[in-house]
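One structure is given here, and the rest of the page talks about it.
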Amino acid sequence: VSELVAHLDFSAVFHLSRLFHLATPSLGAASSATDLGLWGLLIAVIAGAHKVGTPFLFVSLGECITEKSGRVNLGLEGTLVMGAMTGFAISYKTGSPWVGVLAAAGVGAVLGAIHAAICNLPRVNYIAVGISMMLFGMGLAFYLGKPYIQPSAPKLPALNLGFWSSIEQIQDALRINALFVVGVVLAPFLAWVLKNTRWGLILRLAGESEEAAAAMGYSVPRIRLIATAVGGALAGVGGSYLSLYYPGSWSEQISSGQGLMAVALVIFARWSPVRCLFASLLFGGVGTLGVAMQGQNLTSASVAYLWFAAPYVLTLLIMVITCSRLRAMVGAPAELSRVQ
Amino acid sequence: MNGRTLAETLSITICALLASLVIFGVFMFAFAHVRPNDLFYWMYIGAFGTKFSWQYSLTRAAPLILAALCTALPARLGLIVIGGEGSLALGGLAAAGTGLLLAGHSPYTIQFGMAGAACVGGGLLILVCGGLRYWRGVNATISSLLLAYIAIYVFDFLVEGPMRDPASLNKPATYPIPPEAMLGPMFGLDVHWGLAYGVVACVLAWILMDHTTFGFAARMAGGNMRAAQAAGLPVGRLILVTCALGGAAAGLAGMVEVAAVHRQANASLIAGYGFTGILVSFIARHHPLGIIPAAVLFGGLGAASGIMQRRLLIPDASVQVLMGIMFVMILLSESLYGRLRIFQPREVREVVVPA
């Protein structure tokens with residue numbers, strides 16, 4: 001009994017609370033940094049756009065594919081955290097960060113496939129399944145990831161596009177990770193696949209009209225299974241970026257809700273992969289604004305919290321402006337509004 | 001809910017929970033080499049095995065019951081609200097602020113004021129969510145989540161900025177409320193009055209949703225909103241009132257945590273009760289009375305986490321894995337409803353479909 005008394009603190013069970021505390025390590029504000037005034041703010045925001053924005057990019061592309069097939073996966077937060085853990089652990093064990101990224105994609109695909117398989121059963125609420133997969137993925141990642149909290153694993157390489165400058169902040173802002181480049185190429189490629197290939201057409205058909213796809217002889221549950229698995233794989237890659245590049249280590253506080261934001265981002269980008277790219281950059285930049293302003297002494301630590309809320313306010317405003325109770329949103333796959 | 005559906009719900013739910021315990025047992029045996037009998041013995045001891053663990057489990061259940069109502073009430077209207085965590089934070093903050101403003105009044109006045117302010121604070125957040133759903137067609141799940149994020153950042157801003165007690169150095173917090181205004185233990189037990197708040201709120205919610213015309217109209221709108229509108233029901237008012245009540249319940253959970261546990265509003269308030277509440281609500285199938293046992297069960301699991309960690313040397317995330325498995329199994333079991341023959345009415349069973 002006395003053992004229990006010793007443990008009367010109310011923080012043990014759920015780690016979800018930490019979703020709400022944005023992990024914001026300093027954005028390259030080293031002691032030897034040159035004082036650039038307001039330019040420093042701009043440079044810090046540019047650095048944040050791609051550094052913080054890359055995981056947003058991968059989860060939103062993944063969610064975009066899933067939603068195009070007519071289903072929402074709200075569980076990408078769990079996939080992201082699981083991807084971060086797997087990527088880090090495999091990179092640590094094999095010594096190759098790219099094997100880690102691949103493993104994270106594989107785990108993400110499995111989690112996505114589980115989500116899709118459960119949602120394919122009758123009478124199951126996909127929103128609830130998403131929340132449950134989020135809990136399950138995070139719990140599993142925290143459980144399996146315990147041994148990897150201390151060690152450091154080989155990191156993903158970055159391109160130094162800022163080699164021409166002697167100013168440290170500019171070098172830092174232009175140090176671009178290879179995965180970001182992959183994402184930048186992937187976004188227009190996915191848009192092209194969705195628009196021009198047979199696969200893309202079938203996927204969009206399943207998202208626009210289940211009956212039409214069935215009448216054409218395609219299995220809608222199978223299309224959605226594949227789409228959700230691919231979406232999960234991308235979210236897993238996004239997670240591996242977190243643990244293998246920025247912030248660059250595995251901890252239980254690694255994600256700050258990027259996976260949850262995916263759904264909002266896709267709405268913000270109105271279901272276009274290319275717009276997902278710009279939306280992710282914007283969210284990355286805006287998310288950095290609070291810390292960057294604090295670095296410039298433009299705001300106090302407490303006011304910075306209000307800046308952290310900016311991406312959420314932005315998404316909500318966009319939704320309020322573009323939604324209507326009379327019709328579905330422009331660009332939304334028709335099947336999504338049917339399930340409401 | 002008649003006897004047959006109650007039996008169906010209970011047996012399917014219990015089977016799903018047992019199945020998740022079996023899966024968890026296999027998982028722990030495979031990954032941590034913990035023998036199932038040790039695992040379940042310590043889980044039972046930590047949750048409900050002693051008088052002390054019962055009291056601790058019930059203490060943890062109190063905010064869960066209230067937070068679960070935030071999902072359960074709007075669910076009757078077909079809205080899945082997952083912003084309870086935000087409502088809880090705002091409610092706790094409003095309660096702490098009011099408790100400080102009313103210092104010097106009688107303890108009951110202070111408690112009443114704190115509860116009222118918490119209900120208003122938490123209710124407003126979900127009211128906005130319901131309003132956006134009704135007037136602008138914004139998906140309630142997403143908007144409640146975004147609003148919860150915004151609410152928690154506002155909470156952080158106020159607790160670390162304007163409302164901060166300068167004496168709270170390492171862990172920013174508001175000034176503590178007057179000690180005489182704290183919620184005391186019930187009937188000599190080591191369980192505070194927040195539990196009674198939760199049980200009363202559930203009974204009231206049950207009466208409202210299952211035994212009044214308001215509840216009937218709400219359930220009808222939940223079944224088919226267009227049909228309800230065509231029938232002349234005030235759908236907008238139903239949505240707004242139900243959402244506000246749900247948010248108020250979660251806000252009250254924040255007040256209970258401030259007034260019975262922390263004495264002040266700080267980051268400890270945001271401990272995941274809002275999120276666990278979603279789970280509790282789903283396990284109770286959004287039935288207000290079902291929430292009470294479901295919350296006690298989850299309160300117990302949370303209470304058992306500590307002793308399991310120390311006795312079995314397993315990570316604290318183990319209970320979280322179990323909760324995740326339980327949630328998945330409960331959702332899987334949804335597709336069993338109406339399929340088990342013994343729970344079907346006889347007339348339906350005997351219908352013969354001509355070949």
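Among complete DSSP H helices in chain B, those whose alpha-carbon atoms stretch at least 20 Å along the helix's long axis and whose mean Kyte-Doolittle hydropathy reaches -1.0 are B:3-32, B:51-75, B:84-101, B:107-136, B:140-160, B:194-211, B:235-257, B:288-312, B:318-333. Placing +1 on the Cβ of every Lys and Arg and -1 on the Cβ of every Asp and Glu, with nothing else charged, gives the range A:152-216 a dipole about its Cα centre of roughly 200 debye. Quick check: from the Cα gyration tensor, does the range B:208-355 come out rounded (a/c under 1.5), prolate or oblate? Note, shape of the range B:208-355 comes out oblate.
Just want the ordering: B:Leu127, B:Leu269, B:Leu93, from fewest to most Cβ atoms lying within 10 Å of their own Cβ.
B:Leu127, B:Leu93, B:Leu269
Amide H to amide H distances under 5 Å link A:Leu159 with A:Ile176, A:Asn177, A:Ala178, where only residues 5 or more positions off or on other chains count and H is placed in the peptide plane. Using C-alpha pairs below 8 Å separated by at least 6 residues, the relative contact order for the range A:224-340 is 18 percent. Couplings for the range A:100-114, taken from phi via the Karplus curve 6.51 cos²θ - 1.76 cosθ + 1.60 with θ = phi - 60°, read x, 4, 4, 4, 4, 4, x, 4, x, 5, 5, 4, x, 5, 5 Hz in order; Gly and Pro are left as x. Can you tell me how chain B classifies by the Cα gyration tensor, rounded, prolate or oblate, using a/c under 1.5 as the rounded cut? Oblate.
Which residues does the label zone of B:Leu289 cover in the range B:203-235, counting backbone N under 15 Å from a point 7 Å along Cα→Cβ? Within reach of a label on B:Leu289: B:203-212.
Counting neighbouring beta carbons within 10 Å and listing from fewest to most, the residues A:Ser166, A:Ser60, A:Ser243, B:Ser87 come out as A:Ser166, A:Ser243, A:Ser60, B:Ser87.
Counting only Cβ charges, +1 for Lys and Arg and -1 for Asp and Glu, the dipole size of the protein assembly as shown around its Cα centre is about 1480 debye. Within a straight-line Cα-Cα reach of under 23 Å, A:Lys146 can be paired with the following lysines, leaving aside sequence neighbours fewer than 8 residues apart in one chain: A:Lys93, A:Lys155. For chain B, a crude dipole built from +1 on the beta carbon of Lys and Arg and -1 on the beta carbon of Asp and Glu, taken about the Cα centre, is about 660 debye to the nearest 20.
Bridging of A:Lys68 to lysines at a Cα separation below 29 Å is possible for A:Lys51, A:Lys195, once same-chain residues fewer than 8 apart are set aside.
Could the peptides B:254-263, B:109-118 be put in order, highest first, of the mean number of other beta-carbon atoms found within 10 Å of their residues? Write down the numbers at each step before the final one.
Values: B:254-263: 27.2, B:109-118: 21.8.
Per-residue mean Cβ counts within 10 Å order the peptides as B:254-263, B:109-118.
Ordered by the number of other Cβ atoms lying within 10 Å of each residue's own Cβ, fewest first, A:Phe308, A:Phe163 fall into the sequence A:Phe163, A:Phe308. With chain B treated as a Gaussian network of Cα nodes joined by springs under 10 Å, which of B:Gly188, B:Gly49, B:Gly236 yields the largest mean-square fluctuation? Of B:Gly188, B:Gly49, B:Gly236, the Gaussian network model singles out B:Gly188 as fluctuating most.
Since only B:Phe275, B:Pro162, A:Leu111 are under comparison, the one whose Cα sits farthest along the positive direction of the charge dipole of the protein assembly as shown, derived from C-beta charges on Lys, Arg, Asp and Glu, is A:Leu111. Given their separation in residues at 0.36 nm each and the Cα-Cα distance between them, B:Ala230 and B:Asp210 gain 5.0 nm when the chain is fully extended. Angle of helix A:198-208 to the longest C-alpha principal axis of chain A, folded into 0 to 90 degrees and rounded to 10: 80°.
What shape does the protein assembly as shown have by the C-alpha gyration tensor, where a ≥ b ≥ c are the square roots of the eigenvalues, rounded means a/c under 1.5, and otherwise prolate means a/b greater than b/c and oblate the rest?
Details: a/c = 1.39, a/b = 1.12, b/c = 1.24.
Since a/c stays below 1.5, the shape of the protein assembly as shown is classed as rounded.
Within 10 Å of the Cβ of each residue in A:296-303, the mean number of Cβ atoms contributed by other protein chains is 3.
Relative contact order of chain A, taken over Cα pairs closer than 8 Å and 6 or more residues apart, is 34 percent.
Peptide B:292-303 is shielded by partner chain Cβ atoms: per residue, an average of 1 of them sit within 10 Å of its Cβ. Each peptide in B:324-333, B:55-64 was scored by the mean count of other Cβ atoms within 10 Å over its residues; highest first, the order is B:55-64, B:324-333. Mean-square fluctuations from a GNM of chain A, with a 10 angstrom spring cutoff on Cα atoms, peak among A:Phe88, A:Phe56, A:Phe142 at A:Phe142. Build a GNM of chain A with springs between Cα atoms under 10 Å apart, and of A:Ser251, A:Ser302, A:Ser219 the one that fluctuates most is A:Ser302. With the dipole of the range A:148-291 worked out from charges on the C-beta (+1 for Lys and Arg, -1 for Asp and Glu) around the Cα centre, which of A:Leu289, A:Ala187, A:Ala212 lies farthest toward the positive end? About the Cα centre, the residue reaching furthest to the positive side is A:Ala212. Centre-to-centre separation between the Cα atoms of the range A:119-134 and those of the range B:125-142: 21 Å. The amide H of B:Ala173, built 1.01 Å from its N in the peptide plane, has B:Asp165, B:Ser168 as neighbours under 5 Å, considering only residues 5 or more places off or on other chains.
So for the range B:76-169, averaging the separation of alpha carbon pairs under 8 Å that are six or more residues apart and normalising by length, what relative contact order in percent results? Intermediate results must be reported in sequence, preceding the final value.
Values: 93 pairs, mean separation 36.8, N = 94.
Relative contact order for the range B:76-169 comes out at 39 percent.
Going by Cα centres, the range A:200-227 and the range A:52-93 are how many Å apart? The distance from the Cα centre of the range A:200-227 to that of the range A:52-93 comes to 23 Å.
Since every read-out is calculated from the coordinates, none of them should be taken as a lab result. Because the structure is a prediction, the values reported are computed rather than measured. Virtual Cβ from ideal backbone geometry, glycine too; neighbours counted across all protein chains shown.
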